[in-house]
């Protein structure tokens, strides 16, 4: 299994540009989520999905959209990039079975985004 | 979620067992203990979790005291690649709606 994959690894955007961060998992996990990690801030949840066709907002959803058309893919869209969105973005997935399983999250390698 | 307390940093010699403690004295009966780590510039990595019993997998062992107020993560034969920040998280299994919250963790440095 490839696990959780993310593309691109690095991206530089100009303010106002839009882009999509890709996330895919091949573990047939129902739960998927997007986090951002800023220095000194820890992980913050942006959006999450409990299954195909179902998404919901996390702690910091403004400026981001998500969709979940398949179990495998969970793209994150930046609508109009702002310098405040400069961060490292991590996608994660987890399964719903087993004791404590839903908190067992598998993270991708991250996308480092710089917005100028 | 129950509050956890971990040492800020620890050193361990390569090849030796690394024992990372975590105090969670206010843990409730339905809260699990999870361990994650983050190697510099990489995504967080799940290590192990448990409820009451000790657990072992290919990466580590988790020892939970009988009163569940503390636990120890054991890396049996530490290598240089185990240098990372290790996070102990105590929470009820609820999935999705609440993202994982990593505290400051323990910076484990494996010495050659």
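The values are calculated or read from the model by the stated rules, or taken from the named source; none is laboratory data. Bear in mind the structure is a predicted one, so any value in this text is a computation, not a measurement. When we count neighbours, we look across all protein chains shown, and the Cβ atoms used for this are built from the backbone with ideal geometry, even at glycine.
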From the residues in the range B:97-112 that are within 20 Å of residue B:33 (Cβ to Cβ) and within 13 Å of chain A (Cβ to nearest Cβ), which one is modelled with the lowest pLDDT? B:98
Show me the strands (runs of 3 or more DSSP E) entirely contained within the range A:12-96 in which 3 or more residues are under 27 Å from residue B:104 (Cβ atoms) and either more than 10 Å from chain B (Cβ to nearest Cβ) or at pLDDT below 95 (or both). A:31-38, A:42-51, A:87-94
Members of the range B:23-38 found to be within 11 Å of another protein chain (Cβ to nearest Cβ) and either in a loop (DSSP other than H, G, I, E, B) or touching a helix residue (DSSP H, G or I) at 6+ places or on another chain (Cβ under 6 Å) (or both), listed by number: B:30, B:34
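Look at residue B:68 and say whether it is assigned to a strand (DSSP E or B) and more than 10 Å from chain A (Cβ to nearest Cβ). Don't jump to the end; show me each part of the working.
Values: assigned to a strand (DSSP E or B): no; more than 10 Å from chain A (Cβ to nearest Cβ): yes.
Judged against the criteria, residue B:68 is not a match.
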Which residue out of A:90, A:74 is surrounded by 12 or more Cβ atoms within 10 Å (Cβ to Cβ) and over 22 Å from residue B:37 (Cα atoms)? A:74
Can you pull out the residues in the range B:61-89 that are buried (at least 18 other Cβ atoms within 10 Å of the Cβ) and farther than 30 Å from residue B:14 by Cβ? B:68
Does residue B:50 meet the test of being farther than 30 Å from residue A:111 by Cα and buried (at least 17 other Cβ atoms within 10 Å of the Cβ)? yes
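Quick one: which residue in B:62, B:20, B:75, B:51 is modelled with pLDDT of 95 or more and within 14 Å of another protein chain (Cβ to nearest Cβ)? Write out each step before concluding.
Values: B:20 fails: within 14 Å of another protein chain (Cβ to nearest Cβ); B:75 fails: within 14 Å of another protein chain (Cβ to nearest Cβ); B:51 fails: modelled with pLDDT of 95 or more.
Result of the check over B:62, B:20, B:75, B:51: B:62.
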Quick one: how many residues across the range A:22-41 are more than 16 Å from residue A:108 (Cβ to Cβ) and crowded, with 17+ Cβ neighbours inside 10 Å? 1
Please count how many residues of the range B:39-52 are closer than 15 Å to residue A:92 by Cβ and assigned to a loop (DSSP other than H, G, I, E, B). 3
If I filter the range B:17-34 for residues that are surrounded by 16 or more Cβ atoms within 10 Å (Cβ to Cβ), over 14 Å from the mean Cα position of the chain (by Cα) and on the phi > 0 side of the Ramachandran plot, do I get at least one hit? no
